[in-house]
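Trainee: What follows is a structure written as structure tokens; I'll ask about it next.
The values are calculated or read from the model by the stated rules, or taken from the named source; none is laboratory data. Since the model is a prediction, treat every value here as computed from it, not as a measurement. Glycine also receives a Cβ, built like all others from the backbone with ideal geometry; neighbour counts cover every protein chain displayed. Heads up: the accessible areas ignore ligands, DNA and RNA and are worked out on the full protein's heavy atoms, side chains in. Shrake-Rupley method; radii C 1.70, N 1.55, O 1.52, S 1.80 Å.
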Amino acid sequence: MTPYMQGLVVRDKGATPTVEELRLPEVGPGQVRVRIKAAGVCHSDLSMVNGTLSPPHPLVLGHEAAGEVVEAGAGVTRVRAGTHVALNWAPPCRACWFCTHDEPWLCAAANVAALENGITLDGSPVHVTLGLGAFAEQVVVPEKAVIAVPDELAWESAALLGCAVLTGTGAVRNTARVAAGSSVVVIGLGGVGLSVVSAARAAGAAAVIAVDVSAAKKALAEAAGATDFVVSSENLSKDVRALTSRLGADHTFECVGRAATIRAAWRTTRRGGQVTVVGMGGADDMVELSALDIFNSARTLRASVYGSSDPDREVPELAQDVMSGALNLDHLITDRITLADVPAAFDRMSRGEGARSVVIF
């Protein structure tokens with residue numbers, strides 16, 4: 001067995017996560033052991049705690065991370081000890097119907113909220129979030145769950161590539177395919193939403209209207225490239241139409257994951273426009289639209305799962321964009337914290353404060 005190490009564990013729904021001593025399994029064939037260097041605090045982790053999702057417990061949190069491979073098992077060919085990697089929480093199997101039809105983000109084998117992988121707590125098995133459990137000093141994961149990144153790339157930037165940046169950028173580039181000159185609305189300005197803002201401007205959108213309930217997000221939105229900022233209210237549709245020649249936006253991206261904001265996104269989009277839902281919501285939060293409105297508006301409503309991306313191809317591309325300066329992530333990181341500070345970061349996230357908190361190991 002590998003040495004004991006520290007990880008952030010939640011023992012039950014709604015419980016406060018605590019740093020506890022864990023033990024990793026031996027590295028088996030096709031697996032790698034990674035020493036985590038940085039891990040982002042994502043809203044999906046909060047959903048594992050607050051009951052939006054219902055994973056098994058006890059659960060090691062965390063899935064958006066980067067680190068260094070310290071051991072590679074038999075048969076591993078993609079990486080070796082010393083390789084810098086970003087973690088991939090949805091590695092495609094490359095064999096199911098979706099993977100063989102060029103939709104690896106919908107891989108039938110990758111949609112696992114939590115699973116056991118040999119980690120123990122007090123001698124008992126522990127589950128890990130999205131197959132990773134990256135709020136820990138080390139992880140043992142399948143080879144396909146790591147993606148090599150340049151050694152020169154900052155750890156905190158590499159960590160964000162595997163979730164927030166890939167999800168937000170992919171929603172713009174792959175799912176909605178925003179064209180130059182388009183008008184874009186982005187509702188919800190966490191790490192993913194701000195990534196959508198940046199990607200929309202990079203795509204040449206003429207107007208990028210950033211929307212959040214917190215006026216304090218204005219500076220972050222402008223740093224990401226927003227042309228306008230609107231505080232969300234019951235008048236949001238009117239506010240957006242005032243900025244879009246009374247038509248509404250060509251594209252609206254909902255990055256919250258709530259029925260109310262999905263309906264708001266629908267109303268801010270022009271007839272014939274596209275609504276892209278990026279946020280992950282609860283199973284009991286129902287979205288209601290009238291049949292007449294759906295027909296008359298001719299809008300398209302769809303989801304973007306993991307940015308409709310192939311992480312093995314796109315994470316290295318994004319890494320190169322960061323290295324070249326074409327993609328700036330500085331505005332995304334508002335707090336650099338320790339593992340014990342993650343519960344406080346969840347509280348800030350619930351209050352809509354800041355963008356991404358990143359655990360620095």
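Trainee: Could you give the dipole magnitude of region 279-356 about its Cα centre, charging the beta-carbon of Lys and Arg +1 and that of Asp and Glu -1, in debye to the nearest 20?
Mentor: 120
Trainee: Once the dipole of region 49-153 is set up with Lys and Arg at +1 and Asp and Glu at -1 on Cβ about the Cα centre, which of Gly62, Cys96, Gly75 lies farthest towards its positive end?
Mentor: Cys96
Trainee: On the protein heavy atoms, probe 1.4 angstrom, tell me the percent of accessible surface of region 268-361 carried by carbon and sulfur.
Mentor: The computed percentage sits at 51.
Trainee: Per residue, how much accessible area does the chain have with a 1.4 Å probe, in Å²?
Mentor: 42
Trainee: May I ask for the net charge around Ala81, where only other residues with Cβ less than 11 Å from the Cβ of Ala81 are counted and Lys, Arg are +1 while Asp, Glu are -1?
Mentor: Charge balance in the 11 Å sphere: +1.
Trainee: Convert each backbone phi in region 45-51 into a coupling constant with the Karplus relation 6.51 cos²θ - 1.76 cosθ + 1.60 (shift: θ = phi - 60°), then list the ³J(HN,Hα) values in order as whole Hz, x for Gly and Pro.
Mentor: 5, 4, 5, 6, 8, 8, x
Trainee: Another question, if that's okay. Give the calculated FRET efficiency between Lys13 and Ser214 to the nearest 0.05, with a Förster radius of 22 Å applied to their Cβ-Cβ distance.
Mentor: Step by step, r from the Cβ atoms, then E = 0.25.
Trainee: Which value at 222 nm does the chain reach when only helices count, each DSSP H run of 4 or more adding -39,500 (n - 2.57), with the total divided by all residues and rounded to the nearest 500 deg cm²/dmol?
Mentor: That comes out to -6500 deg cm²/dmol.
Trainee: Continuing with this model, one more query. Can you work out the Karplus-derived ³J(HN,Hα) for every residue in region 287-301? Use 6.51 cos²θ - 1.76 cosθ + 1.60 with θ = phi - 60°, whole Hz, and x for glycine or proline.
Mentor: Ordered by residue, 3J(HN,Hα) equals 9, 10, 9, 6, 4, 5, 5, 4, 5, 5, 7, 6, 7, 10, 10 Hz.
Trainee: Please list 33-44, 278-289 highest first by mean number of surrounding beta-carbon atoms within 10 Å per residue.
Mentor: Packing proxy ranking, top to bottom: 33-44, 278-289.
Trainee: Separate question: Using the per-residue mean of other Cβ atoms lying within 10 Å as a proxy for protection, in what order, highest first, do the peptides 102-110, 160-168, 261-269, 129-137 fall?
Mentor: With the highest mean Cβ count within 10 Å placed first, the list reads 160-168, 129-137, 261-269, 102-110.
Trainee: Ok, one more. Assigning unit charges at the beta carbon (Lys, Arg +1; Asp, Glu -1) and nothing else, what dipole magnitude in debye, to the nearest 20, does the chain show about its Cα centre?
Mentor: Computed charge dipole of the chain: roughly 1000 debye.
Trainee: Carbon and sulfur: what percent of region 144-245's accessible surface (1.4 Å probe)?
Mentor: 49
Trainee: Right, something else. Which pairs break 22 Å Cα to Cα here: Lys217/Lys238; Lys13/Lys218; Lys13/Lys144?
Mentor: Lys13/Lys218; Lys13/Lys144
Trainee: If I build a Gaussian network model for the chain, linking alpha-carbon pairs within less than 10 angstrom, which residue out of Asn88, Asn235, Asn328 has the largest mean-square fluctuation?
Mentor: Maximum among the listed residues: Asn235.
Trainee: Mind checking the angle between helix 311-324 and the chain's longest principal axis? C-alpha axes, 0 to 90 degrees, to the nearest 10.
Mentor: Orientation of helix 311-324: about 80 degrees from the principal axis.
Trainee: Of the listed values (1) 64, 39, 39; (2) 64, 56, 44; (3) 69, 48, 41, identify the label whose number matches Cα extents along the principal axes in Å calculated from this model.
Mentor: Among (1) 64, 39, 39; (2) 64, 56, 44; (3) 69, 48, 41, the one calculated here is (1).
Trainee: Moving to a separate point now. Pull up all non-local amide H partners of Val76: gap of 5 or more, or a different chain, and H-to-H distance under 5 Å with H placed in the peptide plane.
Mentor: Residues meeting the amide H criterion: Gly30.
Trainee: To test your reading of the geometry: what angle, between 0 and 90 degrees and rounded to tens, separates the Cα axis of helix 259-268 from the longest principal axis of the chain?
Mentor: Helix 259-268 sits roughly 40 degrees off the main axis of the chain.
Trainee: Taking θ = phi - 60°, what integer Hz values does the Karplus form 6.51 cos²θ - 1.76 cosθ + 1.60 yield along region 345-361, in sequence order, with x for Gly and Pro?
Mentor: 3J(HN,Hα) across region 345-361, in whole Hz: 5, 4, 4, 4, 4, 4, 8, x, 9, x, 10, 9, 9, 10, 6, 9, 8.
Trainee: Same structure again: For Glu20 paired with Glu288, estimate the spin-label separation in nm (one decimal), with each label point 7 Å from Cα along the Cα-to-Cβ line.
Mentor: It works out to 4.2 nm between the two label points.
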